[in-house]
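Note sheet for the following structure.
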Amino acid sequence: MLGQIAQIRNNPTLAAHNFELALEQSKQNLDEVTQVGNVSAQVRVKDVQGLYYKNLLAFKREQLWLWFIIALAVLTVIVIGIFYRASRQKRHYEKLLYSAQKQELAFINSHEVRKHVANIMGLLDLMKDITDAEFLKSKKYLLYSTEQLDIALRNVSPKLSD
């Protein structure tokens, strides 16, 4: 404005000087505005970088939790599988044990107990037509077979209670 006033008053040197001063002030203002823009841009870049790092840390934390949950799920499945397998093996071995006990009891019944019962029945059949001397001898065999039957039944009793 001072340059225009000096021009109107026909003072070209003063007008040129004032225009130069105005031009320098405009350059300074432009530099200051540019610096403010640069600082503002840097602040925005730093804000964006800070937000990026914050989001990156949150992502890493969530990723870590996800891996932890996956590992926990896998371990849970493994433990359940182990328990399931152990229970199946236990049931299998219990069936085998039951089958072995059943076979043992069948053997005892058919050989140990039935043998003595057959002896007693045979002796009783012989005793139908015997004399006194033979009766005493048969009585002795009958008593022996009865005692053996008692012993066999006592051996079977604990096996049945198991």
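The values are calculated or read from the model by the stated rules, or taken from the named source; none is laboratory data. Bear in mind that the values here come from a model prediction, so they are computed numbers and not experimental data. Reconstructed Cβ throughout: ideal geometry from the backbone, glycine too, with neighbour counts over all protein chains shown. The protein model used for the area step is the full one, side chains on, heavy atoms only, and it has no ligands, DNA or RNA in it. Shrake-Rupley method; radii C 1.70, N 1.55, O 1.52, S 1.80 Å.
Can you send over the carbon and sulfur percentage of the accessible area for the chain, probe radius 1.4 Å, protein chains only?
Here it works out to 63 percent.
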Consider the candidate values (1) 21, 18, 17; (2) 34, 20, 14; (3) 127, 8, 6; state which one is semi-axes √(5λ) of the Cα gyration tensor in Å computed from the structure displayed. (3)
Along the dipole axis of the chain (charges at Cβ: +1 for Lys and Arg, -1 for Asp and Glu; origin at the Cα centre), the most positive-end residue among VAL48, PHE83, GLN103 is GLN103
Probe of 1.4 angstrom, ligands and nucleic acids ignored: what's the accessible area per residue over the chain, in square angstrom? 89 Å²
Pop out the ³J(HN,Hα) list for the stretch 127-138 in order, Karplus 6.51 cos²θ - 1.76 cosθ + 1.60 with θ = phi - 60°, rounded to Hz; leave Gly and Pro as x. 6, 5, 10, 10, 8, 5, 5, 5, 5, 5, 5, 5
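Of the trypsin sites (Lys or Arg not before Pro) in the stretch 38-141, which ones lie in a loop per DSSP and count no more than 10 other C-beta atoms within 10 Å? Provide the component values of the computation, followed by the final result.
On the way: sites: ARG44, LYS46, LYS54, LYS60, ARG61, ARG85, ARG88, LYS90, ARG91, LYS95, LYS102, ARG114, LYS115, LYS128, LYS137, LYS139, LYS140; in loops: none.
Taking the stretch 38-141 and a limit of 10 other Cβ atoms within 10 Å, no loop trypsin sites (Lys or Arg not before Pro) are found.
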On C-alpha positions alone, give me the angle between the axis of helix 12-107 and the longest principal axis of the chain, in degrees, nearest 10. 0 degrees
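Please get the size of the charge dipole for the stretch 1-64, origin at its Cα centre, with Cβ charges of +1 on Lys and Arg and -1 on Asp and Glu, quoted in debye to the nearest 20. If you can, show how the numbers build up before the last one.
Details: 7 positive and 6 negative charges, 79 e Å.
Rounded to the nearest 20 debye, it is 380 debye.
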Alpha carbon centre of the stretch 91-125 versus the stretch 13-58: separation in Å? 107 Å
